[in-house]
Amino acid sequence: MIVVGLMSGTSADGVDAAVVDIRGMGHGLTSTLLKHVGRPYSSRLRQFILQVCEQGTVGQICHLNVVLGEVFAKTALSAIKHSGVSPQRVALIGSHGQTIHHRPAAIYEPGIGQIRSTLQIGDPHVIAERTGITTVSDFRARDLAAGGEGAPLTPYVHALLFAQKRATRMVVNLGGIANVTVLPGGGKLAMVQAFDTGPCNMLLDGLVAIETKGKARFDQGGRLARKGQVDGSLLRWLLAHPYVSRRPPKSTGREMFGEGYIQRVWAQGQRRHLAFPDLLATSCRFIAQVTHNAQKWTRNVTDEVVVGGGGVRNARLWSELSGVFDPIPVKRMDAYGASSQAFEAQAFAVLAYQTVQGVCANLPKVTGARRPVILGTVTPGIHGLP
């Protein structure tokens, strides 16, 4: 099938669309990226999303759900147009949506039991109606219903694309939240280990927003961070966060590392009279260090580190990551035939494909679910299911 994957991450900076040619059955798939298109959110829309994530009303969530459905649909159509593929050849759209709240830790509800929840918006009915293409969405909910955390889900696709017979690879995603996937050499899907390590771009971007009073959204290329020095005292404070030492399975998001956390990090920098580049440099070291420390939860010696996500464009973050893993080689996904920028969108194309094939694509050892489940909800296009 030709499938379009749509992804918007925790940083809420825009939508990535990947047009993907997927072939095969079961877990023996091949997926080829045909085109990647990124559509940044306007400043106004991004601020609205972030505000809704932190303190949105029911009315605002209702409205934003449809707004994002329209944005996702336009991004999918743009990617299809630029791919040169006829829309009639596209069988599916897999839309992750925009996470506005993620509560994987069980909360006891009297008379009902332990409740885990997550919410991604971007109305799939709007996407299916505007494009005419069957749309798979809401990938995380079934894993949560099965007792898991609903995240991370991309390790399944990491295993399909990057697993080796001999080498043990650690796949690192430097997104709004950073996560790692450990692929043991010659291992089966049941041996994959993965979890969120903590904040990444959402921390760096948030600090830039505070420093510039909203005039800048990120430290382009890590230019400011490259001028800074790591402060040992602040680094120890950052590493003392309880999430860092929590045993997997674990996942996190803006609920734990959102505006309140970023303001506290900023305040710690002010208390230590740090120059802003020093604050960014120390935050980059923190992100790299917790990624490296993730190895303590695994039983494998890492042979190679494969990195994707928006953070690969931050030269200081890349330098820190390479430094903590030295002499283990650290390379972009692009060096292995994948796209570091398009991978997550491509992953949700693969997950959508598996949904309609009836293949379970969660990894219970990773998410903590009781069993493998088929992910996603299917909204038929004009011509029904593929």
- Message: 5 Å is the cut-off here: which amide hydrogens, built 1.01 Å from N in the peptide plane, fall below it relative to residue 10, excluding neighbours closer than 5 in sequence?
- Response: 176, 177
- Just how far, in whole angstrom, is the range 280-358 from the range 126-168 if you go by their alpha carbon centroids? 17 Å
- Task: Match the structure shown to one of the listed values (1) 26.5, 84; (2) 22.4, 69; (3) 19.9, 62 of Rg and Dmax of the Cα atoms in Å, computed from it, and give that label.
- Result: (3)
- So, relative contact order of the chain in percent, Cα under 8 Å, 6 or more apart, is 23 percent
- Quick one: which residues, 5+ away or cross-chain, put their amide H under 5 Å from the amide H of residue 194? H built at 1.01 Å from N. 182
- For residue 373, the residues 5 or more places away or on another chain with a placed amide H closer than 5 Å to its own amide H are 361, 362
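What fraction of the DSSP beta bridges in the chain is antiparallel, stated in percent and rounded to the nearest 5? Intermediate values should be presented prior to the final figure.
On the way: 40 of 56 bridges.
For the chain, the DSSP antiparallel bridge percentage is about 70.
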- Let me know the longest stretch in the chain that avoids all trypsin sites (Lys or Arg not before Pro) found in a DSSP loop with at most 15 other C-beta atoms within 10 Å. 1-164
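Taking every DSSP beta bridge that has both residues in the range 1-153, what percent is antiparallel when rounded to the nearest 5? All intermediate terms of the calculation are to be shown ahead of the outcome.
Numbers: 24 of 32 bridges.
Of all bridge pairs located within the range 1-153, approximately 75 percent are antiparallel.
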- Could you work out how far the C-alpha centroid of the range 44-98 sits from that of the range 169-208, in angstrom? 24 Å
- Segment residue 299-residue 125, extension gain: residue separation times 0.36 nm, minus the distance between their alpha carbons: 58.3 nm
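Each reported figure results from applying straightforward, stated rules to the coordinates on display, with no laboratory input. On a predicted model such as this, the values are computed, not experimentally measured, just so you know. With ideal geometry, Cβ positions are generated from the backbone for all residues, glycine too; neighbour counts draw on all protein chains shown.
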